[in-house]
Amino acid sequence: MVRPSRGLSGNLRLAGLILAGAVPVLAFGLFFFYPVGSLIGRGLVGPDGFDLSGVGDVLARPRFSRILWFTVWQAALSAVLAVAVGIPGAYLLYRCSFRGRNLLRAVVTVPFVLPTVVVALAFRTLFAQNGPLGSWGLDGSLVTILLAHVFLNYAVVVRTVGGTWAHLDRRTEEAARSLGARGTRVFLTITLPALGPAISAAMLMVFLFCATSFGIMLILGGTKYSTLETEIYRQTTQMLDLPTAAVLSIAQLVLVTVVLLVAARVRRRTEATLKLREARSGARALRWADLPAVVVTAAALLLVVVPIGTLLVRSLQTADGWGLDNYRALGSLGEGNLLLVSGWEALGNSVSSAVTAAALAVAVGIALSVVLARRPRERLPRRVIGFLDGMFMLPLGVSAVTVGFGFLIALDRPPFDLRQSGLLVPIAQALVATPLVVRMILPVLRAADDRLRQAAAVLGAPPGRVWLTVDLPLMARALAGATAFAFAVALGEFGATSFLARPQEPTLPVLIGRLISRPGATNTGMALAAGVILALVCAVVVFAVDRFASGGRRGQKSTQAAGVGGMGAF
Amino acid sequence: MDLQLSDVSVAYGTTTAVDRVSLRVRPGQVLALLGPSGCGKSTLLRAVAGLEPLRGGRITFGEQDLAGVPVHRRGFGLMFQDGVLFPHRTVAGNIAYGLTADRATRAAWRRVDGGVSARVEELLELVGLSGYTDRKVASLSGGEQQRVALARALAPAPRLLLLDEPLAALDAGLRDRLLMDLRGILAATGTTAVFVTHDQAEAFAVADTVAVMEAGQVRQHGPLREVWDHPVSEWVARFIGYSSVIDDPAGGRLALRPSALRLDPRGEISGIVTGVSPRPESLLITVTVDGWGVVSAVGPSEAGAAVGDRVRLRLDRSHAVVLAG
């Protein structure tokens, strides 16, 4: 038997693929595994070499098990709540048609792109003792934390589940009805199982986000509630206890890996079903039977609108009535010259850093997606791709604090001394954003009919041109969305940035964190104004790109796929 | 230039999809690869296009061995079952794709009279879609999409056109019309082509030669007429449209077209009706005949045969062939 001949161009293509894969592997190796490994190593290596006694020591502390348990159950509860509130929303916004539906879809998406610091600030303002709902006595309570988590992740559920729901073949339900099944029975036996993969994918993702949420916990949880993430922060910055922090990081790494493994499984099923769908759904008008869904969704909308509104209103309140004093204060250094730079300068830092981070994340994300979208027949390359797919998701769940601290100890001395280059912050932000970029582009590339590429090749297009004329146009919309999203994520990144930003170059979220940690009405007012500005920039960028990208190419397959594969298709 | 396949094998993992196939297509001829689904005919076509690596054997075009020639340098055209048009390009953008696929091609077509756009118009006219230039492909019907796909494949004047069940996704009336157009276009352009189909009527409508495939192997290969008149085996006979195979009373095996057995009260054969299927102009029935088993027969539409009736049939040898071997 003759071995299959690849030929020169086959080898060239393989070389190109390996190169495309090498860039992300090197980048992740240097900027993720090396720093995180260094930090963990520091915790595990004592003065006499490798020393595991510390691990058992930490794990045996009652404080540790209490924190671990709290981390898991608050995240689980948040995920269940988000799904319970999100499913009726997904139904209304993707299965029914009514005036203003597109606007509503846009509104519910806003919270997800908001920086966590801003969200925490908004909820704190809402429930503060002197706040609009101060009388509810929820300031610093678990309820506030859960509400903030649902607020942030409502869109994940609505878009992931809704995207699937919109493309479910309605005729299956009609078939069940014609066989004599009633409404609830149709929903329970036909619709719900079909939505199963999407629901579990959304739930897992929300769990992951909430289990590692930092800004919310730090600002709303105070000293009363600690998760692994805030505890790592506390141990490293306040206790300077690196070994304990390292053990906690390992524990979180294990937790995240398990969740990601499960998520990868679920995702494969979702992507498989993605192909079966044609846009043969057709939303229908609202009926009285939809009333419960309308009520739940209205409540969710209140949850979305009220905190943002409170933030906005409070930012316009001054000591003597209404005015823009708080915004004017952004030009100052705060009460008692608390800050080294003004709010506007911090915004400039944020934007320039986020632009760099988005560019990095998109470049690495594209290279990665090109490799991960391949479906080789041979077993070994398939395994390698499956492995890479999972590995590059890790930064999603690894403590941003761990990454930030790892950067500090690993990349501030030769051979990789980047401390003074000012690149550490954008690189750390890109690291957090890259998995999201991949998750948005990859489903589109995978759903694209491979025969389009074959048709192009048969017509004489060399591989590079096939990519430019087929892959790139197909993923253009998803790519635009991913770029905007990466920018928003980088802009709002708080965990790693709070470690890495040099004191004279803080980003806006870091500045907000500093402002609200100090007393003083002027400082609080300034934080509110900064929060509004930050939220505005995020929302405007994401919307502008979404509008721009969807304007040109409506009603195409790629558009649908991008919608499904949008930020929720994890 | 001839397309020549010698002992070509293609495998997926441990499954052999195409098993030592040898074929030849002469310039200007159309070869139909005919076989049931899963017989490896599409895989073979994709191997010729360069989309599947060979496990063994050789494919040559003229003097050129195609091993190591990448897909985009083969100069072949390929048409898929369902068009696979580029959704983000207009009709003209799709057809022009192969004319602008790389710098050299683009430059060459620019020098031609009227350039790329004239060539696009020429092809639109050829496939009967003049005026569709700036239409979006999503707005086309299935038949129109296939016409655009054909125009796209023909535009760069390929050395060889590969058609992978190009009409299978269309409904019957449209299929017949497109089949006739396709035959005319292939003849008018003198295109050498390989046409994959599972439908013997399609194969007979467009091809000069036919290769009947089963389980990855070519069972019979030859001019259309010859294969039709002399199927080499019972399987081939049944696949290309013979309805029954019986032991010839005169010795040997006989393959019958449905019209070889006719209802006739004075016929020499007797059997019991097991099924009745009225057609617009005739009555198709199945009959159990002692010694032959179940065979198909036809009668006039007004014949009142019902299941269970005993009927008499007459054998018309001009509608039957003796199987070799």
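Estimated at the nearest 10 Å², the accessible area of B:His221 is 70 Å² with a 1.4 Å probe.
Gyration tensor analysis over the Cα atoms of segment B:194-246 returns equivalent ellipsoid semi-axes of 16, 12, 11 Å (largest first, whole Å). Per residue, the Cα convex hull of segment A:333-470 amounts to 167 Å³. Each residue was assigned an accessible area with a 1.4 Å probe, and for A:Phe50 the value is about 150 Å².
Here the relative contact order of segment B:29-169, from alpha carbon pairs under 8 Å that lie six or more residues apart, stands at 33 percent. The residues A:Arg99, A:Arg514, B:Arg103, B:Arg177, sorted by heavy-atom accessible surface at 1.4 Å with ligands and nucleic acids left out, run A:Arg99, B:Arg103, B:Arg177, A:Arg514 from largest to smallest.
Taking amide H atoms as placed 1.01 Å from N in the peptide plane, the amide H of B:Met213 lies under 5 Å from those of B:Leu34, B:Gly35, B:Arg219, each 5 or more residues away in sequence or on another chain.
Between segment B:288-308 and segment A:160-234, what is the C-alpha centre distance in whole Å? Between the Cα centres of segment B:288-308 and segment A:160-234 lies a distance of 62 Å. Using R0 = 35 Å, the C-beta based FRET efficiency linking A:Ala319 and A:Leu103 works out to 0.45. Inter-part distance, segment B:81-139 to segment B:204-245, computed on C-alpha centroids, equals 37 Å. A dipole drawn for chain B from +1 and -1 charges on Cβ atoms has a positive end, and of B:Trp109, B:Phe195, B:Val25 the residue lying farthest that way is B:Trp109. Quick check for you: which residues of segment B:71-86 have the amide N under 15 Å from the point 7 Å beyond the Cα of B:Val112 toward its beta carbon? Label zone hits: B:75-77. Spacing of the modelled spin labels on B:Ala104 and B:Val232, each 7 Å from Cα toward Cβ, amounts to 4.0 nm.
Between B:Gly56 and B:Ser9, the built amide H atoms are under 5 Å apart, and every one of these is 5 or more places off in sequence or on another chain. Summarising the label geometry, the points placed 7 Å from Cα in the beta-carbon direction at A:Leu52 and B:Ser6 lie 6.4 nm from one another. Contact order, relative form, for chain A: 23 percent (alpha carbon pairs under 8 Å, 6 or more residues apart, mean separation divided by residue count).
The calculated FRET efficiency for the pair B:Arg312 and B:Arg253, based on their C-beta separation and a Förster distance of 22 Å, comes to about 0.45. Sorting the Cα pairs of segment A:337-384 by distance into bins of 5 Å, from 0 upward, gives 5, 17, 14, 12, 10, 10, 8, 7, 6, 5, 4, 2, 1 percent per bin. Debye sum, Cα scatterers, segment B:1-57, no solvent: what log₁₀ I/I(0) at q = 0.15, 0.17, 0.26, 0.27 1/Å? Reported log10 I(q)/I(0), two decimals: -0.41, -0.53, -1.16, -1.22. Charged neighbours of A:Thr469, selected by a Cβ distance under 14 Å, balance to +4 (K, R count +1; D, E count -1).
Which whole-number percent is the relative contact order of chain B (Cα, under 8 Å, 6+ apart)?
Across chain B, relative contact order equals 18 percent.
Interface of B with A. Using a 1.4 Å probe and counting protein heavy atoms only, the two chains hide about 2700 Å² of accessible surface, both sides summed. Residues A:Thr522, A:Thr109, ordered by accessible area of protein heavy atoms at a 1.4 angstrom probe radius and largest first, appear as A:Thr522, A:Thr109.
Could you state the orientation-averaged shadow area of the convex hull built on the Cα atoms of segment B:74-165, in nm² to one decimal? About 5.7 nm², averaged over all directions. For segment A:434-458, a decrease in accessible area of 20 Å² or greater in the assembled protein chains relative to the isolated chain, with a 1.4 Å probe, applies to A:Arg451, A:Leu452, A:Gln454, A:Ala455, A:Ala457, A:Val458. Peptide B:50-56 has a mean of 5 when you count, residue by residue, the C-beta atoms of other protein chains within 10 Å of its C-beta. Largest accessible area first, the residues B:Trp228, A:Trp288, A:Trp467, A:Trp165 order themselves as A:Trp288, A:Trp467, B:Trp228, A:Trp165 under a 1.4 Å probe with ligands, DNA and RNA left out.
Per-residue ellipticity at 222 nm computed for chain A from its helices equals -23500 deg cm²/dmol, with DSSP H segments shorter than 4 residues left out and the rest contributing -39,500 (n - 2.57). Over chain B, the hull volume per residue, using the convex hull of the C-alpha atoms, is 164 Å³. If R0 is taken as 35 Å, the Cβ-Cβ distance between B:Arg135 and A:Phe543 corresponds to a FRET efficiency of 0.65. What the Cα convex hull of segment B:52-205 gives, in volume per residue, is 136 Å³.
Computed over the alpha-carbon pairs of segment B:215-325, the distance histogram in 5 Å steps reads 2, 12, 22, 23, 16, 12, 8, 3, 1, 0 percent, short to long.
Calculated over chain A, the projected area of the Cα convex hull averaged across directions stands at 31.3 nm².
The values are calculated or read from the model by the stated rules, or taken from the named source; none is laboratory data. Quantities reported herein were computed from a predicted structural model and do not represent experimental measurements. We place every Cβ from the backbone using ideal geometry, glycine too, and count neighbours over all the protein chains shown. Note: areas computed on protein heavy atoms with side chains; ligands, DNA, RNA excluded. Shrake-Rupley method; radii C 1.70, N 1.55, O 1.52, S 1.80 Å.
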